[in-house]
Amino acid sequence: MDVLALRLNALDPEAAAALRVVTHFDALLESRAGLQSIVSAAAALAGCPARLADPPRRLVVRVLADGAAAGRDDEPDPAWLSAPVTTDATLWLERTDVPGPMEAMVLERAAAAARAVLGRTRARHPTTDPASIELVLDATASRDDRLTAASRLGLPAAVHAVALADGTARLMPAGAPDPVGARAGLGPAVAPVDLPGSYAAARLALRLTAEGTADDPGPRVVHADCLGALALLVRAADTVAEPIPDVGALDRAAVSAPWALATLEAFAGASSVRDASRALGVHHSTVQDRLGHAEAHLGWSIRDQAGRLRLQLALVLRRSLRRAE
Amino acid sequence: MAPTSVPTAPDTTGTPGTAAPPPPFDPECGAALAAVGELVSPSMLPEQIPAVRAATATFGVEMPDFLETDFDVQTRSAPGPAGAPEISLLIALPRAATTTAPVIYWIHSGGMVMGDNRTGLAEVLGYARDLHAAVVSVEYRLAPEHPHPAPVEDCYEGLRWTVEHAGELGVSPDRVLVAGVSAGGGLAAAVALLARDRGGPALAGQMLLCPMLDDRNDTVSSQQMAGLGVWDRTSNDTGWRALLGDARGGPDVSPYAAPARASDLSGLPPAFVDVGSAETFRDEDVAYATAIWQAGGVAELHVWPGGFHGYPLLAPHAQVSRATVAARRDWLRRLLAP
């Protein structure tokens, strides 16, 4: 320590200070220091408390000029010096005077460093921390444990639980595009603390997905939000011990011809025979013939509204029961 | 019958050129060090002593704003060693003391060649304020103008005067500890040895903060940190050569100059030793605490990961610096508890 100030006085103080600020934050990033260290460095260099807040993620890091952590979640003073870190996160220097070049540079470099850390940690968490994902979805875990896991994962304010066909789970920010490729049931977008409920809904939705092939026609992704009363129907069917006659009838139709299930699925989801034939890529008269063939095995007409609804319900129940096996 | 095993200190002597890479700096400390970059040279050569003295004359000597309000500050002169000039003592007596105050006898840093009795005083005044302790800071003569034994004898004489004048100062002669950082830590350890061997004064403790103890300058840590951080083995060689001349590293160095040379560390007051893992002094400081234990003594040792020499001053906001300072304060509180 005896030589720390060596030649300090000889240098241009302003240029030296700027260089020190830049080098300081670069070195922190290089050694993979965390947010606490970055906010602490900002406070120390600016000589006032510094605060980073990311409200959707319930993240507040506040450090005094001497390095003491002093978390507070009161409203920031609009007069403080501030810089955006991400769309949600902001960094403040808790002082209201007109910033000198030193403070402005501290704020700018610290915000950039915090942005890099957030990008690094958030890109990593959702894919590499299965234990935290499991915990945040676990209805039997305590609320505190789930909230801790949620903050470790850096979850946004609204998030979907996603149940995948391989039995694993994922989390998806609200508004993100549907998963591509995987067969997935999506729970409703909820606050992180409510994720166990979203996951239960996601697993039910997963039971209504299909491979999307001729043997297993149907949607690969199902949103629990769109199920409405169908969710009630599936849960009710789960309590019935005996085989459901309409599902048995569908099974018989399915084995009667290789095209039967795909044709029924297309017709149930289309507004007309012509639409169904377009979706299937066959002539509409062929579809008419196939529907007649299928009706013979089903035992009810599917050309009127009531019959088509019955077919739709039977298809849903068949998928849900198959997944439950 | 199992053979009797004799405890030996870990071998900390390195062979030049074979040391493994150094431990990484603590991220926060390392960033602060990087930020001063070229301004701090790890290595000081003898011919650079005057320039470094001039450049650092104002470093670390700022007095805290509570000095005048919380302390009665005096400057007193103590007789020097035989034939030597008087010794100036900066004395801060706590105004809030309700009982006779304990004394922290402070020996400043500066590699034996620089600094004055205000260097680093702010930190120890902070501890003294919390603990209602007095601080006496000694202005000892510096090498190379005044080689060994001038610095350590000045420190010892100043201590003797302080204890003899305890009644006049209103402090407790039974609760005096020596404390110092870097070269001051080495001198504090040496004063504790002198006090033991000359039959007084009795000391309550010795606080050795990253102390400079071993003139041989050949430990693994001294080699790992060559050219890195603050006060590397080149600087260390400069400091020891200033103090000991060509005797440095030789067979005849006194333990009162380099306490690591002491063969008997029994009968010493409780020691506090701290050091960073990324500094020249790491191995000699760990070895000193170890030798105290092996002699049946009391020592508390803290090795702070990634700390370079003097990191609590350069990066006071770093978490490891705060933990370091908290441990120092906590030890003083326990030692001086009435």
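The values are calculated or read from the model by the stated rules, or taken from the named source; none is laboratory data. These numbers come from a predicted model, not from an experiment. Glycine also receives a Cβ, built like all others from the backbone with ideal geometry; neighbour counts cover every protein chain displayed. Keep in mind that these areas ignore ligands, DNA and RNA; they rest on the heavy atoms of the full protein, side chains included. Shrake-Rupley method; radii C 1.70, N 1.55, O 1.52, S 1.80 Å.
Applying 1/(1 + (r/R0)^6) with R0 = 35 Å to the Cβ-Cβ distance of A:Leu309 and A:Arg58 gives a FRET efficiency near 0.20. This model, with +1 at the C-beta of Lys and Arg and -1 at the C-beta of Asp and Glu, gives the protein assembly as shown a dipole about its Cα centre of some 2500 debye.
The antiparallel fraction among DSSP beta bridges confined to the protein assembly as shown stands at about 55%. Once both labels are positioned 7 Å from their Cα atoms along Cα-to-Cβ, the gap between B:Ala326 and A:Ala214 label points is 7.1 nm.
Could you work out how far helix A:245-256 tilts from the main Cα principal axis of chain A, as a 0 to 90 degree angle to the nearest 10? Helix A:245-256 and the main axis of chain A meet at about 80 degrees. Estimated from helical segments only, the mean residue ellipticity of chain B at 222 nm is -10500 deg cm²/dmol, where each DSSP H run of four or more residues counts as -39500 (n - 2.57).
Rounded to two decimals, the Cα-based Rg/Rh of chain B, with Kirkwood Rh, is 0.95.
Entry note, chain B: relative contact order of 20 percent, from Cα contacts under 8 Å with a spacing of 6+ residues.
Could you tell me the calculated FRET efficiency between A:His297 and A:Ala139, based on Cβ-Cβ distance and R0 = 41 angstrom, to the nearest 0.05? Computed FRET efficiency for A:His297 and A:Ala139 comes out at 0.45. Just to confirm my numbers, what's the Cα centroid distance between segment A:186-261 and segment A:34-59 in Å? Segment A:186-261 and segment A:34-59 have Cα centres spaced 47 Å from each other.
Rounded to the nearest 20, the Cβ-based charge dipole of chain A about its Cα centre (Lys and Arg +1, Asp and Glu -1) stands at 780 debye. Other residues lying with their Cβ under 12 Å from the Cβ of B:Ala327 contribute a combined charge of +2, Lys and Arg counting +1, Asp and Glu -1. Of the trypsin sites (Lys or Arg not before Pro) found in segment A:219-325, the ones in coil according to DSSP and having at most 15 other Cβ atoms within 10 Å of their Cβ are A:Arg303. Were the residues from B:Arg198 through B:Leu228 laid out at 0.36 nm apart, the gain over their Cα-Cα distance would be 6.9 nm. Charged neighbours of A:Arg109, selected by a Cβ distance under 12 Å, balance to -1 (K, R count +1; D, E count -1). Measuring nothing but how far apart in sequence close Cα pairs (under 8 Å, 6+ apart) lie, relative to its length, segment A:248-325 scores a relative contact order of 31 percent. Only one residue of B:Val253, B:Ser277, B:Ser266 has its Cα farthest out toward the positive end of the dipole of segment B:216-313, where Lys and Arg carry +1 and Asp and Glu -1 on Cβ, and that residue is B:Val253. Once C-alpha pairs closer than 8 Å and six or more residues apart are averaged by separation and normalised to the residue number of segment A:39-100, the relative contact order reads 33 percent.
Between A:Ala116 and A:Arg278, the FRET efficiency from the beta-carbon distance, with R0 = 45 Å, is close to 0.30. Overall, segment A:10-122 carries a charge dipole of about 520 debye about its Cα centre when +1 sits on the Cβ of Lys and Arg and -1 on the Cβ of Asp and Glu, all other atoms neutral. In loop segments of segment B:168-226 as defined by DSSP, the trypsin sites (Lys or Arg not before Pro) with at most 11 further C-beta atoms inside 10 Å of their C-beta are B:Arg198. Using alpha carbons only, how many degrees (0 to 90, rounded to 10) separate the axis of helix A:305-324 from the longest principal axis of chain A? So the inclination is approximately 60 degrees. Multiplying the residue separation of A:Ala174 and A:Asp194 by 0.36 nm and subtracting their alpha-carbon distance yields 5.8 nm.
Checking every one of the GluC sites (Glu not before Pro) in segment B:50-149 against DSSP loop status and a limit of 16 other Cβ atoms within 10 Å picks out B:Glu62, B:Glu86, B:Glu145. For chain B, give the share of DSSP beta bridges that are antiparallel, in percent and rounded to the nearest 5; count only bridges with both residues there. The answer is about 35 percent antiparallel. If you sort B:Asp274, B:Asp252, A:Asp26 by accessible surface, 1.4 Å probe, largest first, the order is B:Asp252, A:Asp26, B:Asp274. Computed over segment A:139-212, the range of Cα coordinates on each principal axis works out to 40, 25, 17 Å, biggest value leading. Which angle from 0 to 90°, rounded to the nearest 10, does the C-alpha axis of helix A:101-128 make with the longest principal axis of chain A? In chain A, helix A:101-128 runs at an angle near 30 degrees to the longest axis. With a length cut of 30 Å (Cα positions projected on each helix's long axis) and a Kyte-Doolittle mean of at least -1.0, go through chain B and give me the DSSP H helices that pass. Counting only whole DSSP H runs, no helix qualifies.
Taking a sphere under 13 Å around the Cβ of A:Thr140 and counting the other residues whose Cβ falls inside, with K and R at +1 and D and E at -1, yields a net charge of -1.
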